[in-house]
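*Asks:* Here's a structure for you.
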Amino acid sequence: MAAEIKSKETSDETLRKPILVGKIEGINDLVTGAVFIPGEDGIITVSEDRSIRVWLKRDTGLYWPSICHYVADSCSAMFYSPETRRLFVGLNNGTIMEFLLSDDLNRIALTRQYPAHQGRVTSLHFSPECELVLSCGRDKFFQWHGAETGQRLGGYSTSAWCTSITFDVQSRTVFIGDYSGGITLLKIKNDSSTFHIVSSLKGHSGCVRCLKWDPEAQVLFSASFDKSIVVWDIGGQKGIAYELQGHRDKVQAIAYSGASKQLLSVGSDSTLGVWNMAGMCEPCGNCGKWGNDSITAAGVEKLSATSAAKSVPSFRSWATRPKFGFATSALPPLPMKTV
């Protein structure tokens, strides 16, 4: 059942809408990845125009490129590790390129190439703790490589395009979203070469475009082309999930801040949504973990004057069957596909 979120009970601080503070121009094609450089006034972007750019904020308040590096094919995915300054870029031809960003942010050096996929790389993740490079692509494969040696350690084939991944370091569990709307939970064992399927999640009717993981609350966020975002309570292992509705078109990307407990979403409707998730772990008496009234829409900002009219953010909750979690004996064994 859908219910309107009553944001009037939240504080003025929560209701602040996002304010445009800067804009980067000069990229000639679709931007497929962008990330802030923590501790620096810098941004890394990759694009379909084959460019990798590092933008630094100048005294004028504008961002100017300090690096503009072109690669052999369109850039389709990116992951940046601020702890190690390692940048991983996936290409349309299936290759993953690893770069090292200099301390002064003025140079990048190619350190390794991974011939990972036979089609477009759709999502990347690097775990410095496990030294694993995780990737998925339109060849319907999830692959992982050893970052120390560059060797392929294992893979898993799916029935649809793999479109997004995220990773829980502590349990070594990978969440794999696909084009059919499913999410697979796969655990890579300590030897890094074997795995087993933990569970699968069904809640979307369209492509799972983006996944984000909150390791503190053990909550998975999934964004889909079906216009919805689903919040999966993985850690509770009670099969509880929430659907956030605020977009009128495909949800293209999400980002989550554990510090502010805010979820950001952007869609093809030219809308930036800000969701206040600060109370999502407060007991509500129903499921013992989630408080329905605590999930609020902090603000919805239109990015284009020509986009559709603002929709009313809402949510609905349901219990999945069978219940999901990191370890469950209730699930029947699933067939494992190895390559």
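*Asks:* For the modelled label position 7 Å from the Cα of Glu40 along Cα-to-Cβ, which residues of region 101-115 have backbone nitrogen atoms closer than 13 Å?
*Replies:* From region 101-115, the list is 101-109.
*Asks:* Using all Cα-Cα distances in region 163-257, what percent lands in each 5 angstrom bin from 0 up to the longest?
*Replies:* All Cα pairs, binned at 5 Å, distribute as 3, 14, 26, 26, 18, 9, 3, 1, 0 percent.
*Asks:* Quantify, in whole percent, the carbon and sulfur part of the accessible surface of region 51-192 (1.4 Å probe; protein heavy atoms only).
*Replies:* It is 46 percent, rounded to a whole number.
*Asks:* While we're on this one: Quote the Stokes-Einstein diffusion coefficient, in whole µm² s⁻¹, for region 72-171, based on the Kirkwood radius over alpha carbon pairs, a temperature of 37 °C and a viscosity of 0.692 mPa s.
*Replies:* 243
*Asks:* Using a basic spin-label model with each label point 7 Å from the Cα along Cα→Cβ, how many nm lie between Gln252 and Leu62?
*Replies:* 2.4
*Asks:* Sort all Cα-Cα distances of region 103-237 into consecutive 5 angstrom bins from zero, then give the percent of pairs in each bin up to the one containing the longest distance.
*Replies:* Result returned by the calculation: 2, 10, 21, 22, 20, 13, 7, 4, 1, 0.
*Asks:* Please report, in whole Å³, the volume per residue of the convex hull around the C-alpha atoms of region 180-228.
*Replies:* Per-residue hull volume (Cα only) is 95 Å³.
*Asks:* Taking the Cβ-Cβ separation of Arg152 and Ser180 as r and a Förster radius of 25 Å, what is the calculated FRET efficiency to the nearest 0.05?
*Replies:* With a Förster radius of 25 Å, E is 0.50.
*Asks:* Let me ask something else. What whole-number volume per residue, in cubic angstrom, does the convex hull of the C-alpha atoms of region 203-256 give?
*Replies:* 66
*Asks:* Something else now. Determine the gain in length on full extension of the stretch Lys202-Ser159; use 0.36 nm per residue of separation and subtract their C-alpha separation, reporting nm with one decimal.
*Replies:* Computed gain between Lys202 and Ser159 is 14.0 nm.
*Asks:* Using 0.36 nm times the number of residues separating Ser260 and Asn28, minus their current alpha carbon distance, what extension gain do you get?
*Replies:* 80.2 nm
*Asks:* So, one more: Using the heavy atoms of the protein chains alone and a 1.4 angstrom probe, what is the accessible area of region 102-205 per residue in square angstrom?
*Replies:* Heavy-atom accessible area per residue stands at 40 Å².
*Asks:* Express in nm, to one decimal, how much length is gained between Leu20 and Glu129 on full extension, taking 0.36 nm for each residue of separation and deducting their alpha carbon distance.
*Replies:* Extra length from Leu20 to Glu129 when fully extended: 35.7 nm.
*Asks:* Turning to a different aspect of this structure: Set the Förster distance to 45 Å, then compute FRET efficiency between Leu272 and Asp191 from the Cβ-Cβ distance, nearest 0.05.
*Replies:* FRET efficiency, Leu272 to Asp191: 0.60.
*Asks:* Under the rule of at least 5 residues apart or a separate chain, name every residue whose amide H is placed under 5 Å from the amide H of Asp178.
*Replies:* Thr163, Val208
The values are calculated or read from the model by the stated rules, or taken from the named source; none is laboratory data. Everything numeric in this text was worked out from a predicted model, so none of it was measured. Because the Cβ atoms are built from the backbone with ideal geometry, glycine has one as well, and the counts that use them run over all protein chains shown. For accessibility, only protein heavy atoms count, side chains too; no ligands or nucleic acids. Shrake-Rupley method; radii C 1.70, N 1.55, O 1.52, S 1.80 Å.
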